[in-house]
1. Can you compute 3J(HN,Hα) from phi for each residue in the range 1175-1181, using the Karplus curve 6.51 cos²θ - 1.76 cosθ + 1.60 with θ = phi - 60°, rounded to whole Hz and x for Gly and Pro?
2. Taking 7 Å along the Cα-to-C-beta vector as the label spot, tell me the Glu1067-Glu857 distance in nanometres, rounded to one decimal.
3. For the range 516-556, what is the accessible area per residue in Å², given a 1.4 Å probe and the full set of protein chains?
4. I'd like the per residue volume of the convex hull spanned by the Cα atoms of the range 60-202, given in cubic angstrom.
5. Would you work out if the range 1-41 is rounded, prolate or oblate? Take a ≥ b ≥ c from the square roots of the eigenvalues of the alpha-carbon gyration tensor; rounded if a/c is under 1.5, else prolate when a/b is larger than b/c, oblate otherwise.
6. What nm distance separates the two modelled labels at Asn29 and Gln16, each placed 7 Å from Cα along Cα→Cβ?
7. Listed here are the pairs Lys869/Lys891; Lys1263/Lys1372; Lys799/Lys878; Lys803/Lys1298; which of them are more than 30 Å apart at the Cα?
8. Report, largest value first, the span of the C-alpha coordinates of the range 244-332 along each principal axis, in whole Å.
Amino acid sequence: MYSQYSQIDINQLCRQKSISVLDKLPQINGPQLVTSLIRPLVSLINSKPNVGDDLLQCLHDDKDVLWIMEVIGYGLSLPFYDNEQIDAVRDCVNIYYEWFHALSPNISTNKFIPAPIRKDPNLYCQKILGHMYNIFRPRTFSSNDNINDLSSKQALFCHRILRLIINIATDKDNVIDPTTWECLLVFLLGINEELLKSQVHNEDIGTQIAERVISTLFEGWLLACVHCFPSPSYWKTFQNVCANLRHRPALIIQWNRVNVCLTNALVRLLYKGEDTLGLTKLAHFAQYNNIVILLSRNSLKQCWFRFLHIIGNPIELCFPEIVFKFDTQAVDSATLNQLPYIFHKAIKGLCTLVDIFLAVPNINLEELDYDIPKFHLNNQTQSVNSNMTPPEKRRSNFSLLNKDKQTHVKINSHRESKQSDNQNFTLPNVVLHSLTGNVFRQNQVKSTSVLDIFGKWLFQASLLCSSNNSILNAFNESLSESDNVSLNSLKGSIGRNEKSTYGLANLSLDNFEAGQAEAIGTLCRIFCFKKCDEDISLILSKQTHPDFQKIKIYLTSYYLALKSGLLSSSHENLRIQLLSSILVNSVWFFEVDLPGSKILIPHFLKSVEIFLTKKDKSNQPGDVMIRRACIKILISLLSFPLHFQDLPIRDTLSDSPSSTFLSLYPRLILLLVHGLYNEVDSVNIQMILGALLFIVEDSVRHEDLFVNVNGSNDDLISNLLTYFKIDYNNGLDNGNESDKSDIPCNIFLLIISFVAEILCKSSLKNSNDYNVSLAALEVLCSLGRIHYKEQYLCNNQCKLCIKQIFTFIENQCYKPATFHSKDMHSTIVAAYQCLSIWINEHSHLLKDKECIILLIEMIELGISGTKSKKDNQSAAIKSEKMLKPTSMRVKEVAEFLLSTLMGHMNGTSTLPSSESTILTCDLNELKIIEQILNLKPSQFPTNHFRYFIVENSLLISILERPSIGEETICIIRSPYGKYCWLLQYEHLSNSNKHNQTLTNEACISRSLSKADQHIRNGQSNYFPEFFDKICTSKFDNMVLKLSDYINGNDEIKKEQDIMQNLIEKIENNLKFEKTKLTINSTKKEFSEPLPSKNFDPSRLILSQFKAFNFDVCEENRHNLSALNANSAEFVDCIEKLDMISNKNNDIVTIMYIPKCFNEESEIFQANSYYYKNNGPFRDFMLSLGDGIECSTNSFNANILYWSDISHELLFISPTLESEKSFSLVDLIKEDNESIKRTLLKGDHCSNQRIKSYLMNNVGCDIKLLVFWLENMEDFGKLPLKQMENHSTNDDCEFYKEKLYVVVINPLKNGLFKVVPHSFGGRCTSVWPSIDRMLLNKELLAPYIRMTALNLFRRRRMNAESYQLPHVKRRFKIQEIANKFKMSYPNKQLITDLFTNKFM
């Protein structure tokens, strides 16, 4: 950079300026001379003001001042042999301290400064700076002196002078001219060179004031750049001095601070960003930041680049022969031991600068300022930071650097430091940064631009310890000739396995692993944070592109560095820091879809296997973060096998030369299963459970890929069957041998067993963290909605799943009262809801008697709080049980499960599930009268229905006027829905009608004729007629005859005679009474009565419900009441009841965001256009639910409806605008109810039932937005962030608690990146789904539905005022009963039942 400029000889220049005339006089008593001349001067200055003024009159000429300055300059160079000399030096310092204020007139008014100095301060202060160089020159001390005390006194003088220089230089009214600025820079460079160039000794004056001297140099240099930018010669000298001081940790510390301030200002200048670092609040950075903000635009750019290169190549810090330009054989071990820390700090500083450019949030600048251990010359550590650990205990030891920020975790080296007999030293630790929270960054710089500045250093540092010569040679060949700095030439005598000879036998490149790990981690972040419009694939496809060669070099070097780091997992000496840094910073590596990135999939899987297959998994933050990163990498690869299928991939780590993506599928699944084993972190378990769910979803939708696997020529694909055949035989066998090749079915059953087991185990932990239980139940709910070959799913595994859910509920309910809480009860509620979904979706489970018994026991446990039978205890009678449910929520959800179970008419039916299930309907009285009676509402003056209420929970309406064909209609409104029944009156049951076709007349239900009377009058035969003809055998005589038993005992025989006489008397009395009743009865044969043609629907229907009892006539004993329906208010109440849905209903808003949009209107137009013309977006929308055509005066919208047994979802995509339409801001800020009513208030809705349901049911209070983003960087253009920053307190609460966003970004490889996001700084673990996934198009809709359902369900569970839908309906029915119940006695009610209202 400065090769064409000459360098200033700082040492010679400073020594020339520091020499006094007295130094040239031989055999002079210097101390005595200085003391005799200076002390009176100091005493006069410190005396009264008038005396000081007299003294100043003696120094009114230039020659007087120059003469006394020669004495002062000589006094500053005096040694510290005795107190007299020390006092003389102090007095000299005090005099120059006063006079130097002349450069700042505002603060020098009260100082005693001679007139010549006040007249020309720059001239004299330049000479003062030259003399003050003497005070910084190291002194020599005898062995008898107290070296620390004397060095401290000298350091005190130095600190005072340096503070003065900075105070004067920072004064905005100073009169420093360019020449003085140059003298000041020469002075600062000279004292740094003089004090710090030598080795590091703890007692050395340079070591004591190193940070102050270097910080003053940097501050002074920045101030000079503000007022008088230094010439290239000075910059070259500055660079040379800093290169000579690189063995000083203080230089790297101050260099990092200056670079951070300059980079932060440069980024804000170039990209108009915000200051997120808060440098003004950090004292160490504020001193530089206050100066940096004074720099002009051009000076800032120049200073940033020059300071960045001021220490040269940071990689040279690993090589002592380059760092120590003096005799390397004389370097002590204490100095060498600090090199790994210095290198780590330098690389860490560069990485921080890269993070600032990439807009990485939550940058922790305190990581740059950790303390370096101080080493003695015998290599013993003098003082070690508390975060350090002894080498023998350093393996896998993690500690939080900042407990308030869980994203920064410090990890120690996994390798034990080799040590000799008398050596003990520590190594620096890498700090891991989690990328899971960095969802949307406003990154405006291209990754290639960052690599242009930092790439060469980062690539060299990443490959520093590589032992693979082929990788090193490939890296050196990839660099251009101008940038080629061969690592092999840099390594010199220190190789990976070669020891240093510089006093420390343990110093090798392995000791610099922390710095290497930081470098490779930063490279991963650079490529993972690549801008969306930075199309590397497109550039590489055009060799004529100007950036082709550069991009090729960068990408090749990056892959070589990654490969080198990942290959360390196969070495005996595992380099844990390097491997951990790669994994943690590469969680988005496969999402970016870099060209050729898939070649490293086997290497990543090999490294992931190391951490996930451990049997004993630690709960230390570092371990947890690494395993989480491994899980994230596996999740990002889940869609690859079934998406790329037979595309070959080269695996250099296995014996097979190549494989296919599909062959990786079983390995991915097994790694996730291994990761689930003994995992102790709740978030990691939830992520794996979500991943297993999408494995099932994906495999079921691609079942055609698994057909005829046995006949495939690809042995690796056949391994997929082998893996699951083993598991199938171990517990998934259902007796059908032909089904064992059904891999998707086996995966389904296997994963169900895993998830159910995790659920069951979670109930055994006495913990307040119930997220794992909720996640497992949510996964089971989603699995329950999957319909795949139900004839195979009627399996023991499904029944075992029901058993384990029951065990979970039982364990939770029977826990001690101290563990009962709202969150714990929420898990029980979720378990019952999960069972309801399984029963509704898989009615084949009701064919199993044991399963039904389990369900009944669960319902009983939820409603009453206990089971009737526990273990071996006798069953408790229902009437003797006390209802003590776990909570009212549990009781209500158990009742809902009972309703779901009873809703299936015949669980063993061969009919499809839809035909054997009782479903709710949207018929009402008005529609029935119009259709059946052909009457319009204006034509009938009164209601043709009669209404009854049963037990205040069942509202029954019966059509009193039967139609032709002896049929009537009954509408039953229960808390669980509205059911309409068409009833036909029959004189015979269905079985008797079937028997009429038989020849046996006895099957006909009619009166007996005379010919048949002998059948009733004859004696009944209790045994067959041929019974007496059967020969007896010896076996018959084994039983003692009753007559023999009686005759053998006189007492029994006597009792038998008494009993026989009593029986004869009773029979005689019965015959007498019977004869009286049958007198004259045989004269006439009874004939069968004629069928009745008049039916009373109310009486007949209510008798089927056993709603009344004729034998009970007391008041308040009946459970049946009639309702007064002859009022308009009653009709309104019935309509409101019908409007209350028996399901939860919510809204999800979907918006298509076109690339580089400028106005909101483009978004609404894109929703309409791309819904019709964009294949993937249209397929995604149509797979969400059934379409509903609906338009209003405000705007049109694509509306899709989806529902299951307990939930309804409405997906809304606004399309066209009008003058009074919603803006995008309104669409985001307005609550769901306002949007729903606006969309559905028009008369153009095709489904009136859905419209009425959604219009009158309040959904969840949170808002879920789904954005289909063509370009992820357009997320910053949406008004979300601006609204959050400029919102009121109420709006802020809305954004932090109630606004959730899911972004779908289509990739060029055909996959889709799905990113959930929440506001208010909340952790992403609150999402009931996986944070950031790669999915194929078939899984987009299930992902959005699962996310919406789980999010709304969890929100309702946490709401205190939430009521289940059937509870709302029950309360409404009770309100109607209390308001319209006819209060009259039971006798009158029974009388009215037999009175036809409309005859």
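The values are calculated or read from the model by the stated rules, or taken from the named source; none is laboratory data. Predicted model only: the values in this text are computed from it and were never measured. Here Cβ is always computed from backbone atoms with ideal geometry, including for glycine, and neighbour counts include all displayed protein chains. The protein model used for the area step is the full one, side chains on, heavy atoms only, and it has no ligands, DNA or RNA in it. Shrake-Rupley method; radii C 1.70, N 1.55, O 1.52, S 1.80 Å.
1. x, x, 5, 5, 4, 5, 5
2. Placing both labels 7 Å beyond Cα along the Cβ direction yields 5.1 nm.
3. Working: 1630 Å² over 41 residues.
On a per-residue basis, the range 516-556 sits at 40 Å².
4. Details: hull volume 15.7 nm³, N = 143.
Given the Cα convex hull of the range 60-202, per-residue volume reads 110 Å³.
5. Values: a/c = 6.76, a/b = 3.04, b/c = 2.22.
Note, shape of the range 1-41 comes out prolate.
6. Roughly 3.5 nm, to one decimal.
7. On the way: Lys869/Lys891 19 Å; Lys1263/Lys1372 27 Å; Lys799/Lys878 27 Å; Lys803/Lys1298 36 Å.
Those over the limit are Lys803/Lys1298.
8. 51, 26, 18
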